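In what follows, a structure is listed as structure tokens, so that the remarks can point back to it.
Rule-based calculations on the coordinates, nothing more; no lab input. All values reported here derive from a predicted model rather than from experimental measurement. Ideal geometry is used to build each Cβ from the backbone, glycine not excepted, and the neighbour counts take in all protein chains shown.
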Amino acid sequence: MGDLNTAPAPIRAFHIMAKPAGAICNLDCKYCYFLSKEMMYPGSRFRMADELLETFVKQYIEAQKVPEMTFAWQGGEPTLMGLDFFKRVIHYQQKHAKPGLTIHNALQTNSTLLDDWCRFFKEHNFLIGISLDGAQAALSR
Ligand code: SF4
């Protein structure tokens, strides 16, 4: 049995799902449970500020002692933040990454706003989850 005083520090791994546009979405599916969360933040712009983005990326990396980690982006609709927001995500991840750390990104989207995003997703190896809510929203009208 090992000595507790000399045991290596535990690896701390956890997962956060970031919602940079909060509960805002460009669709309005009548079954959506999440859009009403908007009312919990009166006066909010529902846009993650650039300073907060860098702080989040830095602290998420620093808080975990793991060889690889995943940033998960969801909403609402995260692509409402625009492609430049996610270019800054990559910039801050590269800026704050520790040597040997592999960073992954996963993004869940209704895909209706994607146009010239795919090259960026491919270049940075994003895992993309596409929900079919757009079709459901259209059918429900
Ligand atoms: S696309 Fe998703 S987040 Fe947007 S309204 Fe529909 S269920 Fe809600």
Alpha-carbon gyration tensor eigenvalues x 5, square-rooted, for region 78-133, Å: 22, 12, 9
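May I ask you to derive the relative contact order of the chain, considering only C-alpha pairs under 8 Å and at least 6 residues apart, and to give it as an integer percent?
Details: 176 pairs, mean separation 40.2, N = 141.
In percent, rounded to a whole number, it is 28.
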Degrees, to the nearest 10: 50-62 long Cα axis against longest axis of the chain: 40
Relative contact order [Cα under 8 Å, 6+ residues apart], region 33-112, whole percent: 42
Volume in Å³ per residue [convex hull over Cα atoms, computed for the chain]: 164
Against the rule of thumb 2.2 N^0.38 Å, how large the Cα Rg of region 34-87 comes out: 1.34
Dipole of region 17-139, positive end: most advanced residue of 126, 90, 67 [Cβ charges, Cα centre]: 67
Folded to 0 to 90 degrees: helix 83-96 orientation relative to the chain principal axis, Cα: 0
